[in-house]
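Structure, as structure tokens:
The values are calculated or read from the model by the stated rules, or taken from the named source; none is laboratory data. Here the structure is a predicted model, which means the values were calculated and not measured. Using ideal geometry, Cβ is built from the backbone for each residue, glycine included, and neighbour counts are taken over all protein chains shown. Surface accessibility is based on the protein's heavy atoms, side chains included, excluding ligands, DNA and RNA. Shrake-Rupley method; radii C 1.70, N 1.55, O 1.52, S 1.80 Å.
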Amino acid sequence: MMEKLFRILVLLLAPIISCSAQELFQESGDVSPAQVDKIYLKGLSYLVKGQNSEGRWNEMPYGAEPAVVSLSIIAMLAHGDDPNTGPYALTIRRGLDFVIKQMNSATGYIGRSMYNHGFSALALAESYGQVDDDRLGPALEKAVKLIVSSQSRNPFNAWRYSPESMDADTTVSGAQMVALFAARNAGIAVPEDAIQKGLRFFLKCQTPEGGFGYTGATSPNGARTAIGCLMLALAKEKKTKEFENAFKYLKIAAPDASYQQYYLYYASQAFFHASPEAWNDWNRRNIKTLAATQNEDGSWDGQFGPTFSTAASLLSLALNYRYLPIYER
């Protein structure tokens with residue numbers, strides 16, 4: 001009953017949220033909303049055309065990974081169309097069906113790695129309350145329990161590639177933490193202790209320069225520092241010295257060409273949370289770059305295939321809409 005009431009409330013508020021997002025969309029100074037939307041719609045068209053009837057993408061080897069399917073779903077949700085009757089409703093429904101079917105009914109584990117699990121849990125959280133599917137709430141609760149139980153067994157109080165891992169890194173941990181924040185925003189019970197333990201792991205990986213390393217406080221780079229900045233921002237720790245130092249490092253860190261779209265996905269959110277001025281400047285440059293590198297069919301090229309690269313590139317633009325709860329400052 002409570003789940004149904006929550007979903008009804010969200011659906012009733014949807015027009016209010018949509019209007020607010022459209023007003024915020026105008027914040028970006030000399031950025032043209034029409035230009036951003038043209039790029040975004042072209043990318044979404046590519047994703048829609050590539051999905052098969054099972055809800056995954058035929059592109060191998062990454063198109064059938066739940067993480068890639070989930071990021072594609074989130075990219076569609078982020079545009080703000082009605083996910084039940086709008087132009088992407090069927091694609092979203094098929095994608096969520098695929099993701100839920102990848103969940104182990106006993107453990108709640110989704111896919112073959114915690115990367116898959118974290119991004120899938122995020123898609124469930126952003127869909128819950130918006131998409132008319134009674135399976136979403138129970139599936140999200142199971143996914144959250146798996147994340148929390150995995151952390152409780154890990155000596156680093158964080159996450160690595162499998163739920164049983166006894167080591168940890170900032171990239172896998174970032175995916176779990178964002179999922180936990182999104183689930184909490186959606187009304188799912190998330191232990192504050194889990195959030196705080198995850199944050200402490202990240203701070204142990206912060207280097208003297210302010211950046212974030214992979215498994216410890218060495219060899220920081222732009223992508224991992226963007227993840228660290230986002231963790232602190234979502235935890236409402238933006239006024240701390242740790243966030244200030246991390247953002248200073250991020251501003252001068254070179255993007256990793258091998259993980260370009262992965263960097264863009266996190267950096268867009270980190271800059272957005274840091275300040276309107278910083279994000280506006282970064283956003284203008286990102287729009288220019290993505291417009292110049294988008295393929296004729298609407299996709300982008302990248303190390304993990306065009307579906308992931310397109311979904312992540314679109315999500316780096318999605319802050320222009322401010323539609324999803326995880327994108328609130």
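Would you be able to say whether some residue in region 320-329 is within 21 Å of G222 (Cβ to Cβ), out of contact with any Phe, Trp or Tyr (no Cβ under 9 Å at 6 or more places or on another chain) and either modelled with pLDDT of 95 or more or not β-branched (V, I, T) (or both)?
No; the residues of region 320-329 include none that is within 21 Å of G222 (Cβ to Cβ), out of contact with any Phe, Trp or Tyr (no Cβ under 9 Å at 6 or more places or on another chain) and either modelled with pLDDT of 95 or more or not β-branched (V, I, T) (or both).
Mind listing whichever residues of region 303-329 are crowded, with 19+ Cβ neighbours inside 10 Å and touching a His at 6+ places or on another chain (Cβ under 8 Å)?
Of everything in region 303-329, those that are crowded, with 19+ Cβ neighbours inside 10 Å and touching a His at 6+ places or on another chain (Cβ under 8 Å) turn out to be A318, Y321, Y323.
Any residue in region 200-224 that's closer than 15 Å to F156 by Cα and open to solvent by less than 20 Å² (accessible area, probe 1.4 Å): show its pairings with residues that are part of a helix (DSSP H, G or I) and aromatic (F, W, Y) at Cβ separation under 7 Å, as long as the two are six or more apart or on different chains.
From region 200-224, no pairs qualify.
Which members of region 252-302 meet the condition of being surrounded by fewer than 16 Cβ atoms within 10 Å (Cβ to Cβ), assigned to a helix (DSSP H, G or I) and touching a residue at least 12 places away in the same chain (Cβ under 8 Å)?
Of everything in region 252-302, those that are surrounded by fewer than 16 Cβ atoms within 10 Å (Cβ to Cβ), assigned to a helix (DSSP H, G or I) and touching a residue at least 12 places away in the same chain (Cβ under 8 Å) turn out to be S258, P276, R284, A291.
Could you tell me which residue of region 89-128 is nearest to N52 (Cα to Cα), considering only residues that are of a type outside the set (A, V, I, L, M) and crowded, with 23+ Cβ neighbours inside 10 Å?
If we take residues in region 89-128 being of a type outside the set (A, V, I, L, M) and crowded, with 23+ Cβ neighbours inside 10 Å, then G95 is nearest to N52 (Cα to Cα).
Only one residue in L47, L24, L12 is closer than 16 Å to T307 by Cα and either at pLDDT below 95 or surrounded by 14 or more Cβ atoms within 10 Å (Cβ to Cβ) (or both). Which one?
L47
If Y40 satisfies all but one of (1) assigned to a loop (DSSP other than H, G, I, E, B); (2) farther than 23 Å from R184 by Cβ; (3) modelled with pLDDT of 95 or more; (4) open to solvent by less than 20 Å² (accessible area, probe 1.4 Å), what's the number of the condition it fails?
Status for Y40: all satisfied but (1).
For region 92-113, which residues satisfy the criterion of being part of a helix (DSSP H, G or I) and closer than 19 Å to A311 by Cα?
I92, R93, R94, G95, L96, D97, F98, V99
In region 56-89, what count of residues is obtained for those that are part of a loop (DSSP other than H, G, I, E, B), more than 15 Å from F119 (Cβ to Cβ) and small (G, A, S)?
2
The conditions are (1) in contact (Cβ under 8 Å) with a residue 60 or more places away in the chain; (2) buried (at least 21 other Cβ atoms within 10 Å of the Cβ), and G137 fails exactly one of them. Which is it?
Just one mismatch for G137, condition (2).
Is it fair to say R160 is open to solvent by 40 Å² or more (accessible area, probe 1.4 Å) and either assigned to a loop (DSSP other than H, G, I, E, B) or touching a Gly at 6+ places or on another chain (Cβ under 9 Å) (or both)?
no
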